[in-house]
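Taken together, the values in this text are just the output of simple stated rules run on the coordinates, not laboratory data. The structure displayed is predicted, hence computed values, not measured ones. All Cβ positions, even for glycine, are placed from backbone atoms using ideal geometry, and neighbour counts span all protein chains on display.
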Amino acid sequence: MLEIKNLVVQIEDKRILNGLNLTVNKGEVAAIMGPNGSGKSTLSYVIAGKEDYEILDGEILLDGENLLEMEPDQRAAAGVFLAFQYPLEIPGVASMTFLKAAINAQRKARGEDELTTPDFIKRVNAAATQLEIPKDMLKRALNVGFSGGEKKRMEILQMALLQPSFCILDETDSGLDIDALRIVSEGVNALRSPDRAFLVITHYQRLLNHIVPDTVHVMHGGRIVRSGGKELALELEANGYADYRESEAA
Amino acid sequence: MADVTLMKTPAETALVQAFESAKTALPGDGESRAQAFEHFAQQGLPHRRVEEFKYTDLRALLREVAPFAGTPSAEEAKAALAGAKALAGVDALQVPFVNGHFVRDAVDFHALPENVEIVPLAEALANGHDWLAKLSPVKWANDNPVYQLNTSFMADGVMIRIAGPVEAPVHLRFVTSATSAVATATRILVVVEEGASVTLLETHESTDGANHQPNDVVELIAGDRTNVQHVRVNAEGNKALALSTLAAKIGGEALFNSINVTAGAATSRHQVFAILDGENTNLRVNGTTMLKGTQHGDSTLVVEHAAPHCESRELFKTVIDNEATGVFQGKIIVPHHAQKTDGRMMSAALLLEEGGAMNNKPELEIFADDVQCAHGATCGQLDEDLLFYLMARGLPKKEAESLLVQAFLGEALEFVENEAVRESLVGTVEGWLKARA
Ligand SMILES: Nc1ncnc2c1ncn2[C@@H]1O[C@H](COP(=O)(O)OP(=O)(O)OP(=O)(O)O)[C@@H](O)[C@H]1O
Ligand SMILES: [Mg+2]
């Protein structure tokens, strides 16, 4: 599904990704763990198409299509979704207006009819109920004045509505209380399907008890330095990243 | 007699000739016209070395003076009004003007709404109506050359008296349907008596492709405890040089809320001169300006807090696409006795492309010591991170930009109280954005 080959990325002359290789298969949930500053968010931004980065080498293929040649909206239409580590507040843009514009833009790009308003509202209400998002939150401007946890839930609501095929969750668990973590995880698990893959970035094993990954990758210094099964997360939780730092120094 | 030696440009010479030949034909006693024109002639067309016209150099912009428009035939007027689009869906008392002339037939004088009285200005000038003494209520306007030109040439308009609460809005609809360039000079006087309330709509439309030169003045005298909601729409044709002035004198414990929405004209300048003349009055003057191509849009504002305990809010939002130029000049004046004044003025501009420009000049002139006044001006581009966020959700770039621009302008539009009008204005913004996509 997603294939990243030898990705080298820099920003303002600072190299952040150093020949990163990663494959995520259809139906797979892949977790990425790694110390602060190792490049996890950078990787997610580069996949989603943020402009600031200079791609020096490598490629990113989604179902064989070269993502690096597409605009962010085209990538979204192709199925990429990034749940932001820090979702942005957009004053003056009503959440519902935004959701409707996003859904219909993607439908249009895929040559589908726009949703009717009743159909749209029905879908939003269903997703909001599942994620226990109060209706009056949706009446406000997008993310404005939302708590940290509410913003994260809003990201998952968008994911549930847009039904992407490749979902990146960048520290979606940070800022969530215990109940919210369960609710959001259930929301994510409900979307798991043989046609959909997830890249779950997290610092804590805890999330992976709820969203059980198929593979775990360790990112360090802008590369995947180790890959394994879900037990790798437990090992990292116990030992930290000290081993990788030493190997870097050596 | 005007001093011709100081008038150098061909346009200035043409204005002198136009005045000479028009003054006997124009209605009313020529005295005040002659005086206004003489004042104008002493300075001539203002240019960039005149502080208030630094960014809108009328001497350079007004190359050729268009002939003043004649009165349209009944059929012409009817056709022009039938094609008018601005705020078309809004239920209101229509007070229409075509080519600068009041369309009398379109108003049923026997069935005017309660508390509304309308007097045609041309007639009032010719007969020396009592209310004429109320013209020019704001001293700041008298020194202004654009206003002086209007006083010199004003040919028609209406005087409206609002004696109590008026339910439906009063819509001053200006349409210029002439296909070759014409000049117009209209004057509106609205007197809102103590305790009365009214919504005044003012829309200006003209044909594309002709260098029309409208110069419109609306004067408002609002008494104590009045509530006046005013919405002005500039939807002038794409070649027009549109000059306009709002001069308002507001009494105590009153509310006055005015917004000017500019999308039309090649060059426009909207001037507001407002005096808060009684205590505890609340004034809001907003602006929403959308400019593209090589359009030039100027909003110039003088608000005098002539009484203590008043609050004023001025919020101007300008969106500039392509190589367009925006201007904001705002001044809040607080004389020494106007204690407890609370004034806040803000101009924010968004440049959508590299080639555009915005000139911001907010000023405070404060002589009282116990006041709260602030002003601010910003000029920036759309936030790249917000654009990315929207695009990452599937919105194409233009659409993402449109959402953000709508949100930006919406902050000024949200103060329009009449819902149908507000929705229509939101539609204008959407239309403008669609046209750039
Ligand atoms: N715009 C930028 N300019 C300069 N350096 C940047 C920029 N963006 C990111 N970096 C740097 O790139 C490195 C990787 O950042 P990134 O946000 O990808 O890390 P991360 O792995 O997501 O960290 P965390 O776990 O703290 O979220 C960091 O050292 C960061 O300071
Ligand atoms: Mg990060």
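Just a few scattered comments:
- Counting only other chain Cβ atoms within 10 Å of each residue's Cβ, the peptide A:86-99 averages 4.
- Percent antiparallel among DSSP beta bridges (both partners in the protein assembly as shown, rounded to 5): 15
- Anisotropy class of the protein assembly as shown from Cα gyration tensor, a/c 1.5 cut: prolate
- Coarse-grained scattering of the stretch B:26-388 at q = 0.12, 0.13 Å⁻¹, given as base-10 log I(q)/I(0) from a Debye sum over alpha-carbon atoms: -0.88, -1.04
- The Cα trace of chain A gives Rg and Dmax of 18.0, 61 Å, the first to one decimal, the second as a whole number.
- Listing A:206, A:226, B:187 from fewest to most neighbouring C-beta atoms within 10 Å gives A:206, A:226, B:187.
- Footprinting exposure proxy for A:50, B:8 (fewest neighbouring C-beta atoms within 10 Å first): B:8, A:50
- Straight-line reach from residue B:134: taking Cα to Cα under 20 Å and skipping same-chain neighbours fewer than 8 places apart, the lysines in range are B:249.
- Listed by chain and number, the lysines whose C-alpha is less than 26 Å from the C-alpha of residue B:434, apart from same-chain residues fewer than 8 away, are A:50, A:100, A:108, A:139, B:85, B:239, B:292, B:317, B:397, B:398.
- Beta bridges per DSSP with both ends in chain A, % antiparallel, nearest 5: 60
- Computed Rg/Rh of the stretch A:128-199, alpha carbon atoms with Kirkwood Rh: 0.95
- Percent of C-alpha pairs per 5 Å bin, the stretch B:160-245, short to long: 4, 14, 25, 19, 13, 11, 8, 5, 2, 0
- The helix-based estimate of mean residue ellipticity at 222 nm for the protein assembly as shown, built from -39,500 (n - 2.57) per DSSP H run of four or more residues and divided by its residue count, is -9000 deg cm²/dmol to the nearest 500.
- Take the Cα radius of gyration of the stretch B:99-241 and divide it by 2.2 N^0.38 Å, N being the number of residues; the result is 1.05.
- Intensity falloff of the stretch A:102-250 expressed as log10 I(q)/I(0), Debye formula with alpha-carbon point scatterers, at q = 0.13, 0.19 Å⁻¹: -0.70, -1.19
- Among B:44, B:62, B:26 - extreme Cα towards positive end, dipole of the stretch B:25-65, charges at beta-carbon: B:62
- Computed label-point distance, nm, for sites residue B:43 and residue B:139 using a 7 Å Cα→Cβ extension: 1.6
- Candidates A:12, A:237, A:186, ranked by Gaussian network fluctuation over chain A, Cα under 10 Å, top entry: A:12
- Across peptide A:156-168, the mean count of Cβ atoms from other chains lying within 10 Å of each residue's own Cβ comes to 1.
- For the residues of B:383-389, the average number of beta carbons from a partner chain within 10 Å of their own beta carbon is 6.
- Expressed to the nearest 5 percent, the antiparallel share of DSSP beta bridges inside chain B is 5 percent.
- 16 Å Cα-Cα reach of residue A:14 towards aspartates and glutamates, excluding residues that sit fewer than 8 places from it in its own chain: A:51, A:52, A:54, A:57
- With eigenvalues of the C-alpha gyration tensor scaled by 5 and rooted, the stretch B:1-124, Å: 34, 19, 15
- Fewest-first ranking of B:244, A:185, B:180, A:165, using other Cβ atoms within 10 Å as the exposure measure: B:180, A:165, A:185, B:244
- For the pair the stretch A:177-250 and the stretch A:1-77, the centres of their Cα atoms are 17 angstrom apart.
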